[in-house]
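Heads up, the thing below is written out as structure tokens.
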Amino acid sequence: MTVVNGQAPFDVVRTAAWWLVPKQLFDGEKLRSGLAVRIADGKIDNVLPAEEAGRDGLPVWHTTSLASPGFFDIQVNGGGGVLFNTNPSADGLRMIAAAHRKGGTTALLPTLITDAPEVMEAAVDAILDVVRSEGIVGVHLEGPHISLERKGAHDPRLIRPMDDKTISAVERLRRAGVPVLLTLAPECVPPGTIEMLCTMGVVVSIGHTAADAATTRAAIAEGARSVTHLYNAMTPITSREPGVVGAALDSDLYCGLIADGHHVDDTVLRLAARSRPVADRMVLVSDAMPTWNGPDHFSLYGETVRLEGGKLVNRIGSLAGVHIDMATSLRRLVTTVGIPVEEALKMATANPSRLMRLQESVGFLRPGMPADIVLLDYGNGGC
């Protein structure tokens, strides 16, 4: 059980069963008033009308906050001074998870960006050690099978064609039942690769790609389910070629979005959210680096990346990562971008849960699910 933000009138960790009565409750589907959550043994026992709270003699926590499922971040490179690539260990993962739990992220996919095969192997070992604890519910492999042209901050020396080593690593994870999100450039893998990965139970995401719209649509037909950090490191919309961005927005793909105000303009975020033909397909991600709840610099592929003016930049001043968490991103979506609260909350909870097919354990407040709850206050633009 995790309850983030707010001071309870009793010890909720040591209390076996109790009630939470928030001003509003977002259950993953709707924002509702007049409800109470009965929590027992770290799980949601029931959701009932607020007047039922305490009738069984159990203690009640009344709060003026909005209660939401804990945030689910599907793209977390680091936090607390730790980068998954440079510390692919169980202890490193625990430190990353702890750094983001402070801001209400109760579930995450540690993200390994393009690296050597032996680093991927170590990362798989670490994930197998800690998965289903500390809020770590799977893994995101972002590369190394991506486009040199759209590599972003990924090291071009480590980008390579799809190979048996990646397939073997994915097979190990899937045999253990670990959810896997794999970002690749569809033009950089043989036809049928995406279909094969999907058959293994991998969630394939299109990213770091120079594909045109036709190639993107072919990848969707093979089973790709999402796009990694929409707009960034992919072909844009033009008047005669929709590119990856246009093909993605005009589909039922889940689209990851960075909302730090640096990677994507806020106007473009609003346009993307309004344009989708299928509802609830936008996914908020942090894409966070070690500086979040950590020092103001870190090493990426041997180069120092520094935090300057709220941006992470390399030695030539180019963007080299994101310094934000889900709570801060959500606050910006609501108060700056203008996304309605209910829609923004879905982007941080239910939508990524459905993408990763984890609706039974993550992203919702339903009876039988873990009581991972974050308390929010948007009345004063806060969180």
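The values are calculated or read from the model by the stated rules, or taken from the named source; none is laboratory data. Please read these numbers as outputs of a predicted model, since none were measured by experiment. Here the Cβ positions follow ideal geometry from the backbone for every residue, glycine too, while neighbour counts run over all protein chains shown. Surface accessibility is based on the protein's heavy atoms, side chains included, excluding ligands, DNA and RNA. Shrake-Rupley method; radii C 1.70, N 1.55, O 1.52, S 1.80 Å.
For ALA36, what residues show an amide H to amide H distance below 5 Å, using hydrogens built from the backbone and excluding near sequence neighbours?
LEU48, ALA50
Gap in Å between the Cα centre of the range 48-107 and the Cα centre of the range 230-266?
29 Å
Within the chain, what whole-number % of the accessible surface is contributed by carbon and sulfur, with the 1.4 Å probe and all protein chains included in the calculation?
That fraction is 48 percent.
Place the peptides 126-138, 248-260 in order of packing, highest mean first, counting for every residue the other Cβ atoms within 10 Å and averaging per peptide.
Taking the mean over residues of other Cβ atoms within 10 Å, the ranking is 248-260, 126-138.
Just to confirm my numbers, what's the Cα centroid distance between the range 140-197 and the range 305-337 in Å?
26 Å
Let me check against my output: what whole-number percent is the relative contact order of the chain, with C-alpha pairs under 8 Å and at least 6 apart?
21 percent
Of all beta bridges DSSP finds with both residues in the chain, what is the antiparallel percent, to the nearest 5?
The answer is about 45 percent antiparallel.
With r as the distance between the Cβ atoms of THR336 and HIS62 and R0 = 41 Å, compute the FRET efficiency 1/(1 + (r/R0)^6) and round to 0.05.
E between HIS62 and THR336, to the nearest 0.05, is 0.85.
With a Förster radius of 56 Å, plug the Cβ-Cβ distance of SER133 and SER239 into 1/(1 + (r/R0)^6) and report the FRET value to the nearest 0.05.
Plugging the Cβ-Cβ distance into 1/(1 + (r/R0)^6) gives 0.65.
Stretch ASP377-ASP252 to full length: gain in nm at 0.36 nm per residue minus the Cα-Cα span?
In short, 41.8 nm is gained.
Among VAL170, ALA98, MET282, pick out the residue whose Cα is farthest towards the positive end of the charge dipole of the chain, where Lys and Arg carry +1 and Asp and Glu carry -1 on C-beta, about the Cα centre.
MET282
At 222 nm, what helix-only mean residue ellipticity would the chain give, in deg cm²/dmol to the nearest 500, using -39500 (n - 2.57) for each DSSP H run of four or more?
-7000 deg cm²/dmol, from helical runs alone.
Does the range 253-305 come out rounded, prolate or oblate by the C-alpha gyration tensor, with a ≥ b ≥ c the root eigenvalues, rounded set by a/c under 1.5 and, if not, prolate when a/b is larger than b/c and oblate if not?
Prolate shape, in that a/c is at least 1.5 and a/b is the bigger ratio.
For the chain, what does the accessible surface come to per residue with a 1.4 Å probe? Please give it in Å².
Accessible area per residue, the chain: 39 Å².
Grab the alpha carbons of the range 132-265, take their convex hull, and tell me the volume per residue in Å³.
Expressed per residue, the convex hull around the Cα atoms of the range 132-265 is 122 Å³.
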